[in-house]
Amino acid sequence: MGYAYVARSAWHPPAWFQTEVFVRPDARGRGVGSELARRADAASREVGAETLTTWVGGGSPDGERFATRRGFREVQRFVTMTLSVDDADGEVLRRALENARSRGVTLLSFDETGGSPAARRALYDLNRRLAPLLPGNGDDFPSFEEYAREIIDAPWFRPQGQLVAAVEGRWVGLVGLGVHDDGREVRHEFTAVDPAFRRAACARPSSVNVLRAQVGRAGDPHGQQPVQHGDRPRSTGGSGRTCGPAW
C-alpha cells in the first residue's frame, strides 16, 4: 500500500537526512501514511538525524498539507518546463552562440576534454564553486571522491551533456544534463555562471548550445526528445517543493 525511506546524500552534512512517504491513492485516509511517517521519523533519529528534507510534488496539495502537519516548512520551490527539441528555434540559438563567441567565450563539452584526471578535477572544482550560487543551495558539497562516484561515474552521466563556458582558458560556467529513460528524455539539471563573468553572455549560449549540439547525441535523433528544465539539487530533476523540518 505504501513505503517510506530515510537516506543521507553526500551533498548534505552528516546529520542531515532526506525522507519521503508514498501511499497508493486507494489506500489513503486510513492512517498508512501517518504510520510510515512516524516510523521514518523514528528511524532517522536512530541514525543521528538532526535535519530532514522531503520533496512534495507541485500538483499535490494533500502531500503539502501532510508534510506541513508534521513540522516541515517550505524552503525552496521548483518549476519544471518541457521542450520538444524539434521545436527549438535554430536562429535564436545561432545568434546566442555568435554573441558569446564575439565576447571571447569558448564553449566545450566535458567529452572534448577526454575525461582526463585533470579534467575530472576541474569539473568538480567548477561545480563546487558554482553550486552555492543556485537559489536554495547551501555551501555543503561532497568530497571529490563522492562527486566522482555519484556524478561522473553515474549511469545517467553523459560527458557530452556537461557543457563548460571558458574565458581565456578559465572555466567560468557550467550546464549539466542528465539522460534518462534510455536516452528518450534529457533533463537540464542546472545552468550556473560565475557572477564576475555573467556579462560575458555565458549562460544563455551554454544552454542553447546544449539543445542544439548535445541533445541529438544523447539519444535517438529521429524521435521527439523532451528536455526537462528545472534547477534542483543533485540529479533528481522533477517538479516539487523542498521542505525542511521545524525541529
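The values are calculated or read from the model by the stated rules, or taken from the named source; none is laboratory data. Keep in mind that this is a model prediction, so the values were computed, not measured. So basically every Cβ, Gly included, is an ideal-geometry build from the backbone, and we count neighbours across all protein chains shown. The accessibility values were calculated without ligands, DNA or RNA, using every heavy atom of the protein model including side chains. Shrake-Rupley method; radii C 1.70, N 1.55, O 1.52, S 1.80 Å.
Which translational diffusion coefficient, to the nearest whole µm²/s, is obtained for segment 52-102 from the Stokes-Einstein equation, given a Kirkwood hydrodynamic radius over C-alpha pairs, 25 °C and 0.890 mPa s? Spell out each step's value before the answer.
On the way: Rh = 14.7 Å.
Answer from the Stokes-Einstein relation: 167 µm²/s.
Taking amide H as placed 1.01 Å from N in the peptide plane, Phe72 has its amide H under 5 Å from the amide H of Ala246, each at least 5 places away in sequence or on another chain. Per-residue Karplus couplings for segment 147-158, computed as 6.51 cos²θ - 1.76 cosθ + 1.60 with θ equal to phi - 60°, are listed in order as 4, 4, 5, 8, 10, 4, 9, 6, x, 7, 6, 10 Hz, Gly and Pro entered as x. Tell me, what % of the accessible area of segment 1-111 is carbon and sulfur with a 1.4 angstrom probe? Carbon and sulfur: 51 percent of the exposed surface of segment 1-111.
Residues of segment 119-150 with backbone nitrogen within less than 17 Å of a virtual label 7 Å along the Cα-to-Cβ line of Ala196, please, listed as ranges. Answer for this model: 125-133. What the Cα convex hull of segment 50-181 gives, in volume per residue, is 163 Å³.
Applying the Karplus relation 6.51 cos²θ - 1.76 cosθ + 1.60 with θ = phi - 60° to segment 86-94 yields 3J(HN,Hα) values of 5, 8, 5, 7, x, 5, 4, 5, 4 Hz, where x marks Gly and Pro. Give the percent of DSSP beta bridges with both residues in segment 1-156 that are antiparallel, rounded to the nearest 5. Expressed as a percentage, antiparallel bridges in segment 1-156 total about 65.
Enter the accessible area per residue of segment 20-70 (Å², integer; probe 1.4 Å; all protein chains in place). Walk me through the intermediate numbers first.
Details: 3230 Å² over 51 residues.
Computed with neighbouring chains in place, this is 63 Å² per residue.
Cα centroids of segment 31-58 and segment 79-155: 33 Å apart. Whole-Hz Karplus values for segment 20-32 come out as 9, 10, 10, 9, 4, x, 6, 10, 6, x, 10, x, 5 Hz, taken residue by residue from phi with 6.51 cos²θ - 1.76 cosθ + 1.60 and θ = phi - 60°; glycine and proline positions read x. To the nearest 10, the accessible area of Asp111 is 70 Å² with a 1.4 Å probe.
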